[in-house]
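**Q** Input: one structure, supplied below.
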Amino acid sequence: MRILVTGGAGYIGSHTCLELLACGHELVVVDNFCNGHEEALGRVERLSGKPVTVVEGDIQDRALMTSLLREKGSEAVIHFAGLKAVGDSVSDPLSFYTNNVFGTISLLEAMRDCDVRKIVFSSSATVYGDPRWLPITENHPLRAKNPYGTTKLVIEDLLRDLYRSDSSWAIAMLRYFNPVGAHESGRIGEDPKGVPTNLMPFIAQVANGRRDELRIWGGDYPTRDGTGERDYNHVVDLAEGHVAAIEALEAGGMSEVNLGTGTAYTVLDMVRAFEEVSGRPIPYKIVERRPGDAASCFADPSLAEQRFGWRARRGLLEMCRDHWRWEQQNPDGYRDRSA
Ligand code: NAD
Ligand code: UD1
């Protein structure tokens, strides 16, 4: 398939591009590089030995989206582009709604105008709010807890309405749990700006001596060891999930599907696993809970297997080992051109 990938220079997008190329798909990536790296796509090209057409641009530019879809003969879109930092969404909701919601509307209008009606959308487990039951199934009630989550919910609602109005659309909304890890080559990975807020990049930087210690947000949750539990998912498994989802769209239909492993690990499980693979101590201190955090959150991933024939294959040690290789080889992320 000829696929337009929005946000393909980002963390999940770059890994997905590599898997798509390996499966013979042809790619055009549009990214405004507000949080992505052109270098990531250069490395994807070198790893795959295949070219990627990269266009610097914004999904809010409907004329650009229309010309890209038309001129490149795109048959489907994988839509990663969006802002994702929860804290920023609270301090600047307007930017989030504009970028994520308006950007998606402009993309969908361009798709309709070009008669391209297959789309895979990056949603998030954040749409479930506080889990009412575990594991989380796709029929769990939806409730946003912050403006970032609201943008994902609004886009999901829009896509559901669009499909109801015209079932020639083929839509997959993928609700990711916690993506971690990196490609096994150590050449592409997550390059967070500033101090990481997510657990795995923070642990990796402690292991590498870039930060003194991990602060564990809460040690009194009703979990095995009192620390929060999450469903960590290897980013290459996630990337393979996108390949499976886009190929399944050939048959049409609309789906809302969890991409997770179904297994929950605590923060201390993550610390121990990372110590094991890195051979480095991870000093930590247990402090107050982070406001808004759930004790435990993990997926029922069975629908993804039914719909797409996909399930996560990589385990915790592989996630940590690959993340550690990326961190060691690229301590300055994509700024480290020697890697
Ligand atoms: P990322 O920030 O690494 O990638 C997003 C990419 O989109 C970046 O390259 C950025 O430059 C680009 N972008 C943003 N706004 C754009 C715009 N208006 N026009 C063009 N390009 C734009 O994030 P990621 O972790 O790869 O996440 C990809 C998607 O998955 C996002 O939509 C995110 O909300 C969603 N998601 C991520 C996670 C996670 O933990 N990483 C979890 C659930 C859902
Ligand atoms: C966060 C986002 C969520 C996003 C998800 C996946 C928030 C409030 N939520 O959720 O929107 O979909 O990432 O990327 O930002 N932890 C520590 N110390 C740290 C960092 C994290 O103890 O320095 C703990 C957290 O309390 C949690 C676990 O580690 O128990 C995972 O945290 P994190 O990586 O931030 O992911 P989520 O909280 O699941």
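**Q** What is the distance in Å between the Cα centres of region 298-339 and region 33-111?
**A** Between the Cα centres of region 298-339 and region 33-111 lies a distance of 22 Å.
**Q** Among VAL243, ILE216, VAL257, whose Cα sits farthest toward the positive end of the charge dipole of region 209-261 (+1 at Cβ of Lys/Arg, -1 at Cβ of Asp/Glu, about the Cα centre)?
**A** ILE216
**Q** Calculate for the chain the 222 nm mean residue ellipticity that helices alone would give, adding -39,500 (n - 2.57) per DSSP H run of length 4 or more and normalising by residue count, nearest 500 deg cm²/dmol.
**A** -11500 deg cm²/dmol
**Q** Could you work out how far apart the two model spin labels at ARG289 and THR197 are, taking each label as a point 7 Å from the Cα in the direction of the beta carbon, and quote it in nm?
**A** Result: 1.9 nm between the two label points.
**Q** Also: Among VAL101, ALA81, GLY129, which residue has its Cα positioned farthest towards the positive end of the charge dipole of region 61-186, with +1 placed on the Cβ of Lys and Arg, -1 on the Cβ of Asp and Glu, and the dipole taken about the Cα centre?
**A** So the residue we want is GLY129.
**Q** State in Å² the accessible area per residue of the chain; use a 1.4 Å probe, count heavy atoms of protein chains only, and round to the nearest integer.
**A** Spelled out: the 1.4 Å probe surface of the chain, per residue, equals 42 Å².
**Q** In debye to the nearest 20, how big a dipole does the chain give about its Cα centre with +1 on each Lys and Arg Cβ and -1 on each Asp and Glu Cβ?
**A** 280
**Q** Quick one: which of 328-335, 81-88 comes out on top by average Cβ neighbours within 10 Å, and what's the full order, highest first?
**A** 81-88, 328-335
**Q** Shifting gears a bit: Hey, what did region 186-339 get for relative contact order, percent, Cα under 8 Å, at least 6 apart?
**A** Reported as a whole number, the value is 36 percent.
**Q** With all protein chains present, how much of the accessible area of the chain (probe radius 1.4 Å) comes from carbon and sulfur, to the nearest whole percent?
**A** 47
**Q** Run the dipole for region 86-242 about the Cα centre, Lys and Arg Cβ at +1, Asp and Glu Cβ at -1, nothing else charged, and hand back the magnitude in debye, nearest 20.
**A** 120
**Q** If you scale each eigenvalue of the Cα gyration tensor by 5 and take the root, what three semi-axes come out for the chain, rounded to whole angstrom and sorted largest first?
**A** Three semi-axes, in Å: 31, 23, 18.
**Q** Another question about this same structure. How fast does region 218-324 diffuse by Stokes-Einstein, in µm²/s, taking the Kirkwood radius from C-alpha pairs at 20 °C and 1.002 mPa s?
**A** Using the Kirkwood radius from Cα pairs, D works out to 138 µm²/s.
**Q** For the chain, what relative contact order do you get, as a whole percent, if you take Cα pairs closer than 8 Å and at least 6 residues apart?
**A** Reported as a whole number, the value is 19 percent.
**Q** What do you get for the angle between helix 103-114 and the principal long axis of the chain? Use alpha-carbon atoms, 0 to 90 degrees, nearest ten.
**A** 30
**Q** Still on this structure, please answer the following. Given charges of +1 on the Cβ of Lys and Arg and -1 on the Cβ of Asp and Glu, with all other atoms neutral, how large is the dipole of region 140-225 about its Cα centre, in debye to the nearest 20?
**A** 100
**Q** How long are the semi-axes of the equivalent ellipsoid of region 95-191, defined as square roots of 5 times the Cα gyration tensor eigenvalues? Whole Å, largest first.
**A** Calculated on Cα positions only, the semi-axes equal 24, 20, 14 Å.
**Q** Long-range amide H contacts for VAL5: which residues qualify at under 5 Å (H placed 1.01 Å from N, peptide plane, sequence gap of 5 or more or a different chain)?
**A** Residues meeting the criterion, in which the H sits 1.01 Å from N, are VAL28, VAL29, VAL30, ILE78.
**Q** How would you order 315-327, 272-284 from highest to lowest mean count of nearby Cβ atoms within 10 Å?
**A** Final packing ranking: 315-327, 272-284.
**Q** Tell me, Kirkwood radius of region 138-200 from alpha-carbon pair distances, in Å?
**A** Result for region 138-200, one decimal place: 15.0 Å.
**Q** Let me ask something else. What Kirkwood hydrodynamic radius do you get for region 31-187 when you take the inverse of the mean 1/r over all pairs of distinct Cα atoms, in Å?
**A** 17.1
**Q** Just to verify a number: FRET efficiency for LYS145 and GLU250, C-beta to C-beta distance, R0 = 51 Å, to 0.05?
**A** That gives a FRET efficiency of 0.90.
**Q** In region 1-82, how does Rg compare with the Kirkwood Rh, expressed as the Rg/Rh ratio over alpha carbon atoms?
**A** Using Cα coordinates only, the ratio equals 0.93.
**Q** Using alpha carbons only, how many degrees (0 to 90, rounded to 10) separate the axis of helix 267-278 from the longest principal axis of the chain?
**A** 90
**Q** Right, next: Order the peptides 245-256, 6-17, 130-141, 26-37 from the highest to the lowest mean number of other Cβ atoms within 10 Å of their residues.
**A** The most tightly packed comes first, giving 6-17, 26-37, 245-256, 130-141.
**Q** Follow-up. Taking amide hydrogens as modeled 1.01 Å from N in the peptide plane, which residues meet the under 5 Å criterion relative to LYS118, leaving out close sequence neighbours?
**A** VAL77, ALA170
**Q** Amide H of GLU256: which non-local residues (sequence gap of 5 or more, or other chain) have their own amide H closer than 5 Å, using H built in the peptide plane?
**A** Those lying under 5 Å, H to H, from GLU256 are MET173.
**Q** In the chain, what % of DSSP beta bridges are antiparallel (nearest 5)?
**A** 5
**Q** By the gyration tensor of its Cα atoms, with a ≥ b ≥ c the square roots of the eigenvalues, what is the shape of region 279-334: rounded for a/c under 1.5, prolate for a/b over b/c, or oblate?
**A** Oblate, because a/c is 1.5 or more while a/b does not exceed b/c.
The values are calculated or read from the model by the stated rules, or taken from the named source; none is laboratory data. Computed from a prediction, not measured in an experiment: that's the story for all the values here. Please note: Cβ atoms are built from the backbone with ideal geometry, for glycine as well, and neighbour counts cover all protein chains shown. Keep in mind that these areas ignore ligands, DNA and RNA; they rest on the heavy atoms of the full protein, side chains included. Shrake-Rupley method; radii C 1.70, N 1.55, O 1.52, S 1.80 Å.
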